[in-house]
Amino acid sequence: MKTLRLHMLLITALGGTLFYGCRSSQKPAAGPVRLPVAEVAVQDVPVRKSFVGQINGYRDITIQPRADGYLRSIHFREGSFVKKGTLLYTIETAPYAAQTAQSEASVSRAEAQLADARQTYERTKAMATINAASRSDLDNATAQLLAAQASLRAAKAALTSARIEQGYTRITSPVDGIIGRTLAQVGDFVGLNSKYNSLNTVSQVDSVKVLFFIPEQTYAVLMQQGGQLYDLTLSLSDNSVYPERGRFDFIGRAVEQSTGSLDAQATFANPDTLLRPGQFAQVSAVTDTLRNALLIPQVAVNQTQGVYSVYVLGPDNRAEQRIVTLGQTVGPMWVVDSGLQPGEQVITDGFHKLRAGVSVEPQTNEPSAKK
């Protein structure tokens, strides 16, 4: 009997101890979590689109020989900068020099014939005034004088043409620019009717033209905005943004049926000749304006398996996780297409402290830290 009573006392004491221990281990209710928040902003946002393009020189001029002959010398270094008027190629001059000399001789002969015809005319005219020469003699002298004058004009024209042809043996740069790889070498026969009817290309690159393509759907929206592109930027193949802003030139005449797009062109200044013809680049431009767009800081957005969400403060400042649909980024902000309303507040940091229903003490004046 004593043993049974002892066991009952031990059980009662142990139960009291466990009960006291459980009560002492319970934590007091936690207060609100202090976290930074930002209000959903409303403002007009420019809509930017990007287009793939290719860079061309402001002028890409093909160097073509206008005289036929063997190439005698090359006067430039390939890939170098050449000034307008710089001598590039020399074609053999001997045949053209001979033609020029022959034309000069023809001019001299025509000048002598004209001098003789003028003397005959003056003499015959004087004799006709005293009836010492007939009217027909004067007419013949006049005709010979006119014919000699015409022969001289023809001879001078032929000399001018010969000199021009001889000048074509010296090929100079038509613009300031960068010259490419020569296609013909010294000793090759060049000319418009030869294998080498093009010798090189000189590109004027102090400015460049960028040809890019606008999808038909984008063009339809663009025309509603006046058919212009604004604030053009250029991204290069290494994803760097070119420092110069572009000038929109034009949109092409027709839609290319195979691609469903229209060609367009923009001009960019290129003072350091960083841009070269043939480069591919991405043109970015403002094509529209999104009115009354909702904006939130990018740091407020969480992504899980392609789903975007934010923590929103409810009416009682309790955290609520909400799925959102996002649009484009604008600096550090993100455009919200759906899921939020103007004036709502989103939490921008401290997500490890959050779960649905947690009470939050908002900090609107403190900068939010990066996640």
Qualifying positions in segment 147-173 - in contact with a Lys or Arg (Cβ under 7 Å, 6 or more places away or on another chain) and open to solvent by less than 50 Å² (accessible area, probe 1.4 Å): 173
Tally, over segment 309-324, of residues that are open to solvent by 70 Å² or more (accessible area, probe 1.4 Å) and in a strand (DSSP E or B): 4
Among (1) in a loop (DSSP other than H, G, I, E, B); (2) surrounded by 15 or more Cβ atoms within 10 Å (Cβ to Cβ); (3) modelled with pLDDT of 90 or more - the single one residue 368 does not satisfy: (3)
Some residue of segment 90-112 being open to solvent by 50 Å² or more (accessible area, probe 1.4 Å), in contact (Cβ under 8 Å) with a residue 12 or more places away in the chain, in contact with a Gly (Cβ under 8 Å, 6 or more places away or on another chain) and not in a loop (DSSP other than H, G, I, E, B): yes
Residue in segment 241-254 that is in contact (Cβ under 8 Å) with a residue 60 or more places away in the chain, touching a Lys or Arg at 6+ places or on another chain (Cβ under 8 Å) and under 19 Å from residue 50 (Cα atoms) present: no
In segment 30-47, residue nearest to the chain's Cα centre (by Cα) [restricted to those that are within 13 Å of residue 342 (Cα to Cα) and among the small types (Gly, Ala, Ser)]: 41
For residue 191: the one exception among (1) in contact with a strand residue (DSSP E or B) (Cβ under 8 Å, 6 or more places away or on another chain); (2) within 30 Å of residue 265 (Cα to Cα): (2)
Residue match in segment 342-359 (condition: basic (Lys, Arg), touching a strand residue (DSSP E or B) at 6+ places or on another chain (Cβ under 6 Å) and not in a strand (DSSP E or B)): yes
Failed item in (1) farther than 18 Å from residue 278 by Cα; (2) surrounded by 16 or more Cβ atoms within 10 Å (Cβ to Cβ), with residue 209 passing the rest: (1)
Residue list for segment 296-306, filter: over 30 Å from residue 238 (Cβ atoms) and either surrounded by fewer than 20 Cβ atoms within 10 Å (Cβ to Cβ) or out of contact with any Leu (no Cβ under 9 Å at 6 or more places or on another chain) (or both): 300, 302, 304, 305
Residue 136 being over 30 Å from residue 283 (Cα atoms), of a type in the set (Ser, Thr, Tyr), open to solvent by less than 50 Å² (accessible area, probe 1.4 Å) and more than 28 Å from the chain's Cα centre (by Cα): no
Conditions (1) in contact with a strand residue (DSSP E or B) (Cβ under 8 Å, 6 or more places away or on another chain); (2) surrounded by fewer than 16 Cβ atoms within 10 Å (Cβ to Cβ); (3) over 28 Å from residue 327 (Cα atoms): number failed by residue 268: (2)
Filter result (more than 28 Å from the chain's Cα centre (by Cα) and open to solvent by 70 Å² or more (accessible area, probe 1.4 Å)) within segment 53-70: 66, 70
Qualifying residue in segment 341-355 (condition: in contact with a helix residue (DSSP H, G or I) (Cβ under 7 Å, 6 or more places away or on another chain) and open to solvent by 60 Å² or more (accessible area, probe 1.4 Å)): no
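The values are calculated or read from the model by the stated rules, or taken from the named source; none is laboratory data. None of the values given here were measured: they were computed from a predicted structure. Using ideal geometry, Cβ is built from the backbone for each residue, glycine included, and neighbour counts are taken over all protein chains shown. Each accessible area value is taken on the protein alone, full model and side chains, heavy atoms only, with ligands, DNA and RNA left out. Shrake-Rupley method; radii C 1.70, N 1.55, O 1.52, S 1.80 Å.
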